[in-house]
Structures are given as C-alpha cells and as structure tokens.
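Chemist: I'd like to ask some things about the structure below.
The values are calculated or read from the model by the stated rules, or taken from the named source; none is laboratory data. Nothing here was measured: the structure is a model prediction, and the numbers come from that model. Here the Cβ positions follow ideal geometry from the backbone for every residue, glycine too, while neighbour counts run over all protein chains shown. Note: accessible area is taken over every heavy atom of the protein model, side chains too, but ligands, DNA and RNA are not part of it. Shrake-Rupley method; radii C 1.70, N 1.55, O 1.52, S 1.80 Å.
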Amino acid sequence: NAGVTQTPKFRILKIGQSMTLQCAQDMNHNYMYWYRQDPGMGLKLIYYSVGAGITDKGEVPNGYNVSRSTTEDFPLRLELAAPSQTSVYFCASRNREGTYEQYFGPGTRLTVT
Amino acid sequence: GENVEQHPSTLSVQEGDSAVIKCTYSDSASNYFPWYKQELGKRPQLIIDIRSNVGEKKDQRIAVTLNKTAKHFSLHITETQPEDSAVYFCAASLTNFGNEKLTFGTGTRLTIIP
C-alpha cells in the first residue's frame, strides 16, 4: 500500500492564481481530511469528508473548496491565492471502523507571493 | 467549538530523564485524545491515543493520562532517548458518526540533550 499520497510536494503561486492540491489513499478509508500547518503552529482543519459525495467545513474553510467523487481521492482547490494561504498542507484519512488513527500524507509546501 | 491549549511550547531534558507535556480542552463532550509526533520536515504520526472511558494508557516508554473532570490530559515519556526529539501535538475531538473535527494544540518542541 502507498498509504496517503499528495502532489505536488512544493508549489509557488502568484497572488490571484488558482491550483488544485491532489490527495489519494489506497486503504479504502471512508474519512478524509485537509489540514494546513503554519510555521510553528498546530494543524488546522480546512475541510473533511465522511464518504464519497459528502463534505463539510472545518475550522478554516474560507478560500478553499473540496470535492469527493470517489472513495480514493479528495482534491483541495485554491481559488484566487492569497499570501495568507502560504502554508504546508496535509491530507489525512482514517477508516470508519476500528481505531480513530488518522494517517497523514507527506504534505504539500505552498508559497504564495 | 473546541479549544486545545498545550504547554510548554519548548522542553529540553537530559537523555534518560522523563518529559511531560500537558494539554487542556474546553468541550466536555470531547471523547478522543490523540498525541502525534512530527519530526522536522515530516508528516505527523500517531504515537498514542486515549478515549474518554479510560483514565490512563501505556505503551512501553510512553503513557497518556486523562482527567475528564478537569478537562486535561498529559503525555509522559520516560527514559528519553535522542530519537524522541521532535514536535509533539495533542488533539481532541468528539468522534460522533458524521462529526469528525480534530482540534490540535500548538505543539511542544522536545529536545533531548545527550
């Protein structure tokens, strides 16, 4: 199993540009999450999904959109990038049953200038 | 919503000594409390977690205690080793079907002095 994968690893955007951060998992997990981690800070939940076709806002959803058309994929869309969105973005997933452990992807480092 | 506070923000201990990191949470309905370890430039990884129906849990050199009345929980690492150096995050959530929001603390940078 590859676990949770994210692309790209790094990206530099200009203010006002848009992009999609990709996240995929091959563990057949129902739940998937997007977090951002600002320097020296904890992780803040952006959006989450409890299954295909179902998404909900987290703590800091403004400026982002998500979709969940399949169990495996959970892309995060940034529209009109702003410097405040400079951060490291982590995707995570967990199974509905059993432990509550969230498995994280390797992260995407995004800089908006 | 839930608010999680974590202390201290930095902690240095001699190799072989114990380290304790403390967190408090605000929502008495929270029922799941994980601890994640994040090495520099890496992804967070779960090291131990506890549910609200348990007061203490141990896994080798790591233990977590939970005081539901006071709404605080702590991570204890005994016999610390250089590889324990990392940033540790506590978190809290209400794990209710359809409601999944982990709230993280701001992290503790633990440095083990050889």
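Chemist: How big is the antiparallel share of DSSP beta bridges in the protein assembly as shown, given as a percent to the nearest 5?
Modeler: Details: 69 of 78 bridges.
Counting only bridges with both partners in the protein assembly as shown, antiparallel ones make up about 90 percent.
Chemist: Roughly how many percent of the accessible protein surface of the stretch A:64-107 is carbon and sulfur, given a 1.4 Å probe and a whole-percent answer?
Modeler: Answer for the stretch A:64-107 is 49 percent, counting heavy atoms of protein chains only.
Chemist: Right, next: Can you work out ³J(HN,Hα) from phi for every residue in the stretch A:71-76, in order, using Karplus 6.51 cos²θ - 1.76 cosθ + 1.60 and θ = phi - 60°, giving whole Hz and x for Gly and Pro?
Modeler: 5, 7, 10, 8, x, 10
Chemist: Would you mind computing Rg(Cα) / (2.2 N^0.38 Å) for chain A, counting N as its residues?
Modeler: Relative to the rule-of-thumb radius for its length, chain A sits at 1.00.
Chemist: So for each of A:82-91, B:47-56 I average, over its residues, the number of other beta carbons within 10 Å; can you give me the resulting order with the highest mean first?
Modeler: A:82-91, B:47-56
Chemist: Tell me, what is a quarter of the convex hull surface for the C-alpha atoms of the protein assembly as shown, in nm² with one decimal?
Modeler: 12.3 nm²
Chemist: What is the distance in Å between the Cα centres of the stretch A:11-53 and the stretch B:51-103?
Modeler: 24 Å
Chemist: Moving on to the next point. Taking every DSSP beta bridge with both residues inside chain B, roughly what % is antiparallel (nearest 5)?
Modeler: 90 percent
Chemist: For chain B, state the semi-axes of the equivalent ellipsoid (square roots of 5 times the eigenvalues of the alpha-carbon gyration tensor), sorted largest first and rounded to whole angstrom. The partial results should precede the final answer.
Modeler: Numbers: eigenvalues 117, 42, 29 Å².
Ellipsoid half-lengths, sorted descending, are 24, 14, 12 Å.
Chemist: Now a separate question. Name the residues of the stretch A:1-49 whose accessible area, probed at 1.4 Å, falls by at least 50 Å² once all protein chains are in place instead of their chain on its own?
Modeler: A:43, A:48
Chemist: Can you tell me, using C-alpha contacts under 8 Å and at least 6 residues apart, the relative contact order of chain A as a whole percent?
Modeler: 36 percent
Chemist: Keeping all protein chains in place, calculate the accessible area per residue for chain A (probe 1.4 angstrom), answer in Å².
Modeler: Numbers: 5290 Å² over 113 residues.
For chain A, the per-residue accessible area is 47 Å².
Chemist: OK, next. In cubic angstrom, how much convex hull volume per residue do the alpha carbon atoms of the stretch B:73-114 span? Kindly include the intermediate steps, with their values, before the conclusion.
Modeler: Values: hull volume 3.6 nm³, N = 42.
It comes to 87 Å³ per residue, whole-number rounded.
Chemist: Compute the distance from the alpha-carbon center of the stretch A:59-111 to that of the stretch B:22-37, in whole Å.
Modeler: After rounding, the separation between the Cα centres reads 21 Å.
Chemist: Count the lysine pairs in chain B that are 8 or more places apart or on different chains: how many have C-alpha atoms under 18 angstrom apart?
Modeler: 11
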